[in-house]
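Read the structure below first, then the notes.
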Amino acid sequence: MVRLVLALLVALVAARAEDKPSEYVGSDACKTCHADVWFNFYKNPHYKSLASGKESPDRTGCEGCHGPGGAHVAAHGGKATIRAFSVMSPRETVDTCLACHGKDLSRANIRRSQHTLADVVCSNCHSIHKSAVPKFLLARKQSELCYQCHASVRAQFSMPVKHRVNEGFMQCTDCHNPHGAFATTWKDGLKPRLVDQAQINEEPCLKCHTDKRGPFAFEHASVRVEGCETCHYPHGSMNARLLHRPAVFTLCLECHNGAGTFGRENNGEIRLSPAHNLLDPRFRQCTACHVRIHGSNADPTFLR
Amino acid sequence: MNRLFLTLALVLASTLCAQQPVAPTPEPVGPARGDNVSEYNIVNSFETGYRFSSIDGNEGKYRSDVNYGNGLRLLASNFTINSRDGRGRFFDEIVLTTLGLGNDPYESAVLRVQKNGLYRYDMQWRLDDYYNPALTISQGQHLYDTSRRLQDHDLTLFPQAKIRFRVGYSRNSQTGPALNTTNVFDITGDVFPLFTNVRRLDNEYRLGGDLDIAGIKITWLHRWEDFKEDTPFAFNGPSGGNNPTDLTTLSSFQRTAPYHGTTPGWLANLHTDRKKWAANGRFTYAGGRRDYILDETAIGTNSIGLNQSRQIVVGGDASRPVTTGDLSVTVLPTQRLSIVNNSSLYDTRITGNSEYLEYDPASATTSILFFNFLGMRAITNSTAANFRASKRLTFRGGYQYSDRLIRSNEYLNILPDGPESIVAEQTNHTRSGLLGVRWQPIQPLTVNLDAEISRADRPFYPISDRNYHALSGRIQYRKKSLLLSTGYRENYNNNSIQITAYSSRARSYFADASWTARSWMAFDASYSRLHLDTIGGLAFFTSSSLAQLDQTQSVYISNIHAGNLGVRFVLRKLADLYTGYSITRDVGDGRSAPSSVVTDPVSGFLMPVQTFPLSFQSPLARVSIKINNRLRWNAGWQYYRYREDFGLITINQNYRAQTGYTSLLWSF
């Protein structure tokens, strides 16, 4: 009986000794083996935590992300003795990064981001020690990073009419927030996703195309209610001005066909006037007369 | 070490890049780790060269699609300076990158300057030379040849502290010549071209801050936006208009239509992220307002050939207050499960007064007062969950419900008939569900499957999403320098309403491969097919005298094949060779020429627009020779070919363009 109690006590002490938390040893200890990482680390934004000298050990240098290194040093390395991102679960990765990066408004929706829910997390896009670009520590140039998964979007940017992403004038993040966005104020349902919003929670198109923003005395209601992509493709198109259709009148008439959805005539969209004989070519280019199609201050039919 | 950097550079430069313009050169120059100067480290590279282009065919379309011209350029530059101990006196880091300076159509400069703990300043400046002939839209009469300049400045004080302050400024201007059209005397009258000198300006000022208290992050931001347009319109003299059979003529025309407005806005956000839960709440308010006036005088003859003059004066204002609120609550009960619920409210009321005065000597003065109102209120609630069943298997799902109310009121007071008010109201409920799985059977292989379905009971317009579903799947294999992926996605929508039905089916397939076979050789290839077919109901008139209403279908078929191939070689660490080829081809419904003889006039004008087969291809080749560690010589050629199998409205936009450059890439 005594032997049994002693054995239990020894086992308990041993277990407690194993549970003893690893201790912080400081980033200097890491230099010895990880010289290649350390050599350029002063260029890394995370170096700020070391330079300031004011952060607590759990938020400083290597151990700020990788956790206390005491056990790792004692074991002469190994992924089991330290917080290694390569073996972390996606959720652990997000938790670790948000410990510091959660304070930014741009990441306020990261928990409900479609990327996070699909297990696409920080380390999938950011490379802390081997980044291709100094800003934001991206693993690759931004558009190439996004194209890796969004191949159909890549094809759209290769079309003759497109926003200038491949040319370097724009970036995906001009319109999207990969960390998650607030609920859209246009459209219904789950689409679109990760779309960042312009100043007053409108579509990001209006960040640049401010002349389309209004407010107008006469709004083109479909633009305001369901957004620019009612008529335009945002990435690229085979048609002029990123339109859904090569000919303007088909685009317009698919809605303005008198169908009963909303409006003032027949409780439906305004139907083409009998005065517009579509066999006459001049009535096929609707915007030749309805020049203010995005909204007008002076004319309810967008003529001026 | 050099081999490591070479391999890294090769991998980075070759993986899944869509066909980029041939210049600037992506190869690095100079010591990868930079040079130490005093307490700082500097890494820099500058590429200066000459770009050339030669266009055969429709130059307007080339300028709309590509737009690279001739001349000397600072094609690209990168400059980084870092404090080696993170305690610089005035700054710890400066990062400056530029692109296309010196007259490329797409220019940019991005600057970041920061000192740890004290400030961070970000600047982005961009210029886009936008040229669009709008040939298929308005036969070239809505041409744009403008420049858009964008700049953003953001200064954050104490960026690592618990109390932070932010100041920002953005400016967006669009200037340049353009064409426009106007319709005069009556709505079926002829259309006349106008010249406009576009002048639009938008300024935004921001002031805000962040506060961290007991783990709660509070953000506030106040914005002011001022915008205006004072584009002048000019008429180039007497004209018979676009339609020679129409008797309308214009001998004199003048229009002035300036507007200006402001959009002040507030944002407040509270956010906390704890071990077992997180919450995020946001409130925003913005009150947009604009004032405008239009003064227009037209003299000529009307559609029956009688002399007519008309003066129109319109004045008024429009406002749009927008309020939004969001609340997200995340529960993290275990390491395997996360559940997020989000509720959002959006409310806006767009109102406008527009007083229309028309003086026609024949009919005396007409005065119309328009008042328009468009209101939208949307309430949305969504729940999403992610469950990690095992290390290699994750399930996700979600449900969203939204309730949207749209109201409008069109008020017309036409003297002497009296007021008329037309009120409309509609409520739409949308229910959407999402299911997904991520499976990693072996370490390098990932399989993603998603399904989404949505139902709306009162879509806003005939082509809105109503009965909608999306399916997608993606398989990716990634091991060391090899990346293979393939996938499929479909979006189907069916919107059957009172008298028409709309059906849209979009399917896309893709396959990508990227492989860095050796430290001196890399491949990248991709293929995508994007299919779209839509059928919608059309109702239109085909005889102005008899007002004959035709009801038929709008059919549109697009089958786009997009391919991209790139190969990169490094020869003896001295020369980099890159060759690439990109093609995007829409085969439409299979026709390569306009339809054969169609006797029905309605079919005759609908059939040519049901499909728009064309191809756009661009081979390129580039060589970069290392002269020494700090200097490279580069040269490249890129060919563009745009070909329509048959043009719309008989306009041929085809072109071929030879472009290229030669440059020196250097580091000091």
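A few remarks follow.
- Qualifying residue in the range B:619-631 (condition: closer than 28 Å to B:Leu532 by Cβ and either touching a His at 6+ places or on another chain (Cβ under 9 Å) or not β-branched (Val, Ile, Thr) (or both)): yes
- Considering each residue of the range A:216-225 in turn, at least one proves to be of a type in the set (Gly, Ala, Ser), within 27 Å of B:Asp226 (Cα to Cα) and not in a loop (DSSP other than H, G, I, E, B).
- The range B:451-498 - residue that is touching a residue at least 40 places away in the same chain (Cβ under 8 Å) and within 22 Å of A:Thr230 (Cα to Cα) and, of those, nearest to the chain's Cα centre (by Cα): B:Ile463
- Listed by first and then second residue, the pairs with beta-carbon distance under 7 Å, at least 6 apart or on different chains, first residue in the range B:527-544 and facing chain A (nearest Cβ under 7 Å), second charged (D, E, K, R) and part of a strand (DSSP E or B), are B:Phe540/B:Asp550; B:Thr542/B:Asp550.
- Note on the range A:174-203: residues that are within 19 Å of B:Ala286 (Cα to Cα) and crowded, with 20+ Cβ neighbours inside 10 Å total 12.
- The set of residues in the range B:497-524 being over 25 Å from B:Val447 (Cα atoms), of a type in the set (A, V, I, L, M) and within 10 Å of chain A (Cβ to nearest Cβ) consists of B:Ile497, B:Ile499, B:Ala501.
- Taken over the range B:135-144, residues that are more than 10 Å from chain A (Cβ to nearest Cβ) and buried (at least 17 other Cβ atoms within 10 Å of the Cβ) amount to 1.
- Scanning the range A:219-237 for residues that are in contact with a Phe, Trp or Tyr (Cβ under 8 Å, 6 or more places away or on another chain) and of a type in the set (A, V, I, L, M, F, W, C), we see that the one that is surrounded by the fewest Cβ atoms within 10 Å (Cβ to Cβ) is A:Ala221.
Residue by residue, here is whether (1) of a type in the set (Gly, Ala, Ser); (2) within 19 Å of B:Gln440 (Cβ to Cβ); (3) surrounded by fewer than 21 Cβ atoms within 10 Å (Cβ to Cβ) holds:
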site: B:Tyr468; (1), (2), (3): no, no, no
site: B:Arg474; (1), (2), (3): no, yes, yes
site: B:Lys479; (1), (2), (3): no, yes, yes
site: B:Phe510; (1), (2), (3): no, no, no
site: B:Thr516; (1), (2), (3): no, no, no
site: B:Ser519; (1), (2), (3): yes, no, yes
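- Test: residue in the range B:230-239 that is facing another protein chain (nearest Cβ under 10 Å) and over 19 Å from B:Leu179 (Cβ atoms): no
- Of all the listed residues (B:Gly176, B:Gly117, B:Gly168, B:Gly189), the sole one being touching a helix residue (DSSP H, G or I) at 6+ places or on another chain (Cβ under 8 Å), farther than 25 Å from B:Tyr661 by Cβ and not hydrophobic (A, V, I, L, M, F, W, C) is B:Gly117.
- Restricting A:Arg83, A:Arg107 to residues that are in contact (Cβ under 8 Å) with a residue 60 or more places away in the chain and of a type in the set (D, E, K, R) narrows the list to A:Arg107.
- Every condition in (1) more than 9 Å from chain A (Cβ to nearest Cβ); (2) crowded, with 16+ Cβ neighbours inside 10 Å is met by B:Asn494 except one, and the failing one is (2).
- Being surrounded by fewer than 19 Cβ atoms within 10 Å (Cβ to Cβ), at pLDDT 95 or above and not charged (D, E, K, R) holds for only one residue in B:Ser170, B:Ser147, B:Ser108, and it is B:Ser147.
- B:Thr245 satisfies every condition listed in (1) among the β-branched types (Val, Ile, Thr); (2) modelled with pLDDT under 90; (3) surrounded by 16 or more Cβ atoms within 10 Å (Cβ to Cβ) except (3).
- Residues in the range A:152-183 that are closer than 28 Å to B:Thr383 by Cα and without any contact (Cβ under 8 Å) to a residue 40 or more places away in the chain: A:Ser152, A:Cys172, A:Thr173, A:Asp174, A:His176, A:Ala183.
- Taking the criterion of being farther than 29 Å from B:Tyr292 by Cα and in contact with a Lys or Arg (Cβ under 6 Å, 6 or more places away or on another chain), the only residue of the range B:343-383 that qualifies is B:Ala378.
- Boolean, B:Ala13 is within 13 Å of another protein chain (Cβ to nearest Cβ), at pLDDT below 90 and surrounded by fewer than 22 Cβ atoms within 10 Å (Cβ to Cβ): no
- Taking the range B:485-503 as the range and being assigned to a strand (DSSP E or B) and over 19 Å from B:His561 (Cα atoms) as the test, the residues that pass are B:Tyr492, B:Asn493, B:Asn494, B:Asn495, B:Ser496, B:Ala501, B:Tyr502, B:Ser503.
- If the condition is being facing another protein chain (nearest Cβ under 8 Å) and of a type in the set (D, E, K, R), then the range A:150-187 contributes A:Arg154, A:Arg164, A:Glu167, A:Lys187.
- Number of positions in the range B:488-525 that are modelled with pLDDT under 90 and among the charged types (D, E, K, R): 1
- Comparison of B:Asp122, B:Asp85 shows that the only residue that is at the interface with chain A (Cβ under 10 Å from one of its Cβ atoms), surrounded by fewer than 17 Cβ atoms within 10 Å (Cβ to Cβ) and at negative phi is B:Asp85.
- For A:Arg140, the criteria (1) within 12 Å of chain B (Cβ to nearest Cβ); (2) in contact with a helix residue (DSSP H, G or I) (Cβ under 9 Å, 6 or more places away or on another chain); (3) in contact (Cβ under 8 Å) with a residue 60 or more places away in the chain hold in every case but one, which is (3).
- All positions within the range A:195-249 that are more than 7 Å from chain B (Cβ to nearest Cβ) and of a type in the set (A, V, I, L, M): A:Val195, A:Ala198, A:Leu206, A:Val223, A:Leu242, A:Leu243
- B:Ser526 among the polar types (S, T, N, Q), over 20 Å from B:Ala513 (Cα atoms) and buried (at least 22 other Cβ atoms within 10 Å of the Cβ): no
- In the condition set (1) more than 22 Å from the chain's Cα centre (by Cα); (2) within 30 Å of A:Ala247 (Cα to Cα), B:Arg206 is compliant with all but (2).
The values are calculated or read from the model by the stated rules, or taken from the named source; none is laboratory data. The structure displayed is predicted, hence computed values, not measured ones. Neighbour counts are summed over all protein chains in view; Cβ atoms, including those assigned to glycine, are modelled from backbone coordinates with ideal geometry.
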